[in-house]
Every structure is written in C-alpha cells, then in structure tokens.
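Shown next, in structure tokens, is the structure this report addresses.
The values are calculated or read from the model by the stated rules, or taken from the named source; none is laboratory data. This structure is a prediction, so every number in the text was calculated from the model and none was measured. Positions of Cβ are generated from backbone atoms using ideal geometry, with glycine treated the same way; all protein chains shown enter the neighbour counts. Side chains included, ligands, DNA and RNA excluded: accessible areas come from the protein's heavy atoms. Shrake-Rupley method; radii C 1.70, N 1.55, O 1.52, S 1.80 Å.
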Amino acid sequence: MMRLVVSHVEPPAIPPATSTSAEPSILALPVLKALFAAWRAAGVYDENNNAYKSRRQELTAALAAVFATGADCVITYQNDYFFFNGQRLNYDREFSFGRSLAGRFTNLQLGGITISVNPPPGDLDQALLALASCDVRAERPYELLAETWTKLGLTGVTITPLAPKTSERLAMEQPGDTDPIVLRKRRAHALFHRTESVVQEYWEHVRDRNSFDASATRRIVHQLIDTIANDEEMLLEFTTLKEFDDYTYYHSVNVAIYSIAVGMRLGLGRVRLTQLGMAALFHDIGKVKLPQELIRKPEEFDENDWAQIKRHPTLGALTLASMRHIDAQIGTAMAGAFEHHLRMDGSGYPTLSRPRELHLYSRIIMLCDVFDAMTAGRVYQKVPTPPDEAMKRIVYKGRQWYDPLILKAFINVLGLFPVGTLARLSDGAVAVVTHNVPDDPFAPEVLIIRDRDGNPIRSHLRLKARETTAAEETIHIAEILDPKVEGINIHDYIAVNYRSEDRQDQTTIS
C-alpha cells in the first residue's frame, strides 16, 4: 500500500518533442493500463471487493517494475498526449485505452501524477477512491480533488493541474507533418477516441448513479456531424478497428458514425442528425444493466445467455425513461434503444403483441448495428464476418428486414466493398479497400499492399468498374480474400498506422 498526497505546484512544462517514441515504453503501458483499470474499479466496487483488489494489485506490481529501475513514475498529460518519464506515448492499438484515460484526466483537470521510488506504505485504496468519486461536474474538480487528498493527509505522490494547451490544434499533429491527409487522419483519430471516452463515461454514470449529463454527448455528436460532413472517409476508416478490450463502447461509436453518414444521405437536417447521433450512441445502453461477464463472454451463448441478452432493448428504453430530464433527444433515443433489434417484417426482439411502425432513427440504427456486429465478431456472433460478406447478407435480406430506402443509402455510404475488404485485383495484386466512391460502388479506392509477384508495396489506386474495351481490360476486383488465410492484418494498412512516407500519388487505373 502506498500513500498519496497533493502537492500544489505549477503545471509541468511540456516534455520536449525529442521524447517522442514510435513504441511506448515497455514499462509505461502496464502502469497506465493498471491505473486505468484500478481507477475504473474504484468507481464500481468497494475496497474489499475481490475484483477491485485484483486491479489494485496489478497496479502495485506494475509500479514495482518501474521502481526496480531506480526511477520515479512520472505520468504527465498535456496537449492531448501522455508522457511517461519524459517519453511521449502514441495512441496505437496497444494504447487504445489511452483516450479513455485521457478523458478522466481532462474531466478532473488533472495534468500529472508523480510517484516517487518506494513510497511509504499507505492508502492507495483511498487515493483511487478519491479519483473515482471526485465530482467532474464541479466548476473546478481539480481543487476538490486536492482538498480531498489534503484532508486525508496522504503522502508519497505529487499531482499537478492540467496546463492550458499550447495550441488549439489537436496534439495529434506532430512537428514536421505537412501532408494534409495525415493531419486529417490524426484529427479524425482523436475525435474517434474522444467519442469513445464520452460513451464510456455516461455508461459508468448510468451504471453507478442511474443518471448522466447529456450535454457532453450532444457536443461530441455535433463534432461527429461536422467531421462526417467534411471528412466522412476518415472516420469511416476508424470504424474498421474492432480489436479493443472494451469493444462495446467502440461499437456505439461505430454505429453513430454509420448512422449519421446514412442520415446525411437521406437529407436529414442538423437537428435531426443530432437526434439520430444521440440515439445511435445510446442504442445499447440497456447492456449496462446486464452482467458484464455475459457481455464479454468469449464462448458462444447458450439459451440462458440469449434470454438475458434479449432483455437489453427493453432495459435500455426503461433506463433512458428513468432519467431526470427527458427531452426530444432522449425520447427518440428511447425509441432507438427499444427498436434496434426489431425488423421490418415484425421479427426480431423484443416480441411484440401487435405490429409496430418503427421510428426512422431505429430503422437506420438497426442496419448499422447489424453490420458492425457482424464484422466485429463480438457478443452475437463470435466469428467476424468479412465486410463484403456482411454486406451481401444484409442485401440478401433486403426488404424483408430493412427499409429499402435506408438500405440504398447505407450501400451508398459503405459501398459494395466496404472499407477494410481485402481483395485480389484482376492483375494479380493484393489490395485493401480504403475508400468508396458513392457514384460508382463497384470501383473503390484501394491500397495495393502486394504486387502480382507477392512483393510488399504501398500504392494507392482508384479502380474503375469492371468493363472491357477493345484496347484493354480495366483492372478490377477479381476475388475477395480472407485476411487470416493470407496472414494479413488489415489494421496495419488503414487508419491508425497511416504515415505520410507510405503514401504515394493516387492513380486511376483504367
């Protein structure tokens, strides 16, 4: 056990850019991950609960590994980045939880935590509880946190307030970046993970207090609308990332992105897009009332599991109905939560005593929810379906399950070969679909990753539809490939790992 105390000092200077590393410190990730898990557990369980004790022990062990090197543990959060002992950490797949942790630091206006080597035994439990229970809705939450730690008389750790950003630009923009595509991707990356953080926060508030502040969700939905309107393709790339520990939160983000993009195709105005985005983010809120071990169960569901899972639409509507302040946005979110597993032919769940005309937002969300769940291989279907196969299955059901107008708009957004599809081209090269062209669903933009001889390359190409002219045959998608069979990780070629030096001039192949 270790004791923590607040020391009121000036915000730390931003560590120099030279501390940037492409790979997070081997000691940093275990510490930050354990801190994040213990912090969350402290907000749910009391200190005698075994689940909490396990998380706290993991944190103690991770800190011990740092102290064994003779170094202090210095965690700094500044300009949207974490620094560990002066080394800046990049938000990659291993550090995907970093955005959620960043949300907690931001909400508390917390800029840093320093734990000295071998701190005296004390009250780590009380300190974690103070972090978890501090009222983030207060005007100055950091001051409340400082007062709490001072009253407890803890010693051993110094915390500092969050310093103002040195620039209004997202810190995802690194010195020397000039490629506008790279900068756009980094902005989209930051927004995607900020949205996940907001979703996680309101889930925790609903679970712990049965209430939440919808204003933060509304603000993030406005940002999603603005970004999709100007840079839809960038956010759509991030929806292909499914390898997160807390995929339930990212699923809500993905469904919101898809839904807003579809709503724009249908001509919805900003007010209705905001309502749709809110409903999409809240559509699975009923799962917060289910056992979390069921949601994360790796095996196939048995009959009892399915009976439990099928309760979440009703639980979601009841949960939203119990909120203190219900407005039009919460009202439509209730419809989305209750109806998103119903189908146009009356099938699906929950079972209804009579036919029901589904809300427009529910008809949009159900389609986006099915596609993301199928391609993720989580909860309902444990083996992920390739995106093109998922689209084929959805189209096959057509009018039976889905609104045909919405289905058309959905295909217009994702294309017949959704982003992330791995394909062999007609010339023998292997490529990943990176962008779809609404006016030509058969001719997406692709990133060639292997030439016809199997040599690794990176070349962006815009295909054309499969046509044959007297002079030559156009290069087109000839075959869809299974990434696992080919030994290819799609995520290595899109979204997070996109680098300006990998980008070549885009060419149209005809």
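Here are some notes:
- Filtered residues of the range 464-497 (kept if under 18 Å from Pro418 (Cα atoms), modelled with pLDDT under 70 and open to solvent by 60 Å² or more (accessible area, probe 1.4 Å)): Arg466
- Among residues of the range 167-225, those that are within 17 Å of the chain's Cα centre (by Cα), modelled with pLDDT under 70 and among the β-branched types (Val, Ile, Thr), counted: 0
- The set of residues in the range 69-96 that are closer than 22 Å to Asp125 by Cα and open to solvent by 30 Å² or more (accessible area, probe 1.4 Å) comprises Asp72, Val74.
- Long-range neighbours under 6 Å by Cβ, at least six apart or interchain, first residue closer than 15 Å to Tyr402 by Cβ within the range 327-341, second open to solvent by 20 Å² or more (accessible area, probe 1.4 Å) and hydroxyl-bearing (Ser, Thr, Tyr): His341/Tyr349
- Picking from residues in the range 246-256 that are at pLDDT below 95 and not hydroxyl-bearing (Ser, Thr, Tyr), the one that is surrounded by the most Cβ atoms within 10 Å (Cβ to Cβ) is Asn254.
- Residues that are open to solvent by 10 Å² or more (accessible area, probe 1.4 Å) and within 14 Å of Gly286 (Cα to Cα), drawn from the range 192-209: Glu204, His205, Arg207, Asp208
- Selection status of Ala102, buried (at least 18 other Cβ atoms within 10 Å of the Cβ), under 21 Å from Ile115 (Cα atoms) and among the aliphatic types (A, V, I, L, M): yes
- Unique residue being over 20 Å from Gln200 (Cβ atoms), of a type in the set (D, E, K, R) and free of Cβ contacts under 8 Å to residues at least 40 places away in the same chain when the list is Glu139, Glu58: Glu139
- Note on the range 404-435: residues that are at pLDDT 90 or above and aromatic (Phe, Trp, Tyr) total 1.
- Test: residue in the range 219-232 that is crowded, with 20+ Cβ neighbours inside 10 Å, out of contact with any Phe, Trp or Tyr (no Cβ under 8 Å at 6 or more places or on another chain), in contact (Cβ under 8 Å) with a residue 12 or more places away in the chain and among the small types (Gly, Ala, Ser): no
- Of the residues Ala163, Ala127, Ala132, Ala138, the single one that is touching a helix residue (DSSP H, G or I) at 6+ places or on another chain (Cβ under 8 Å), in a loop (DSSP other than H, G, I, E, B) and not acidic (Asp, Glu) is Ala138.
- Restricting the range 22-55 to residues that are free of Cβ contacts under 8 Å to residues at least 40 places away in the same chain and of a type in the set (Lys, Arg), the residue that is surrounded by the fewest Cβ atoms within 10 Å (Cβ to Cβ) is Lys53.
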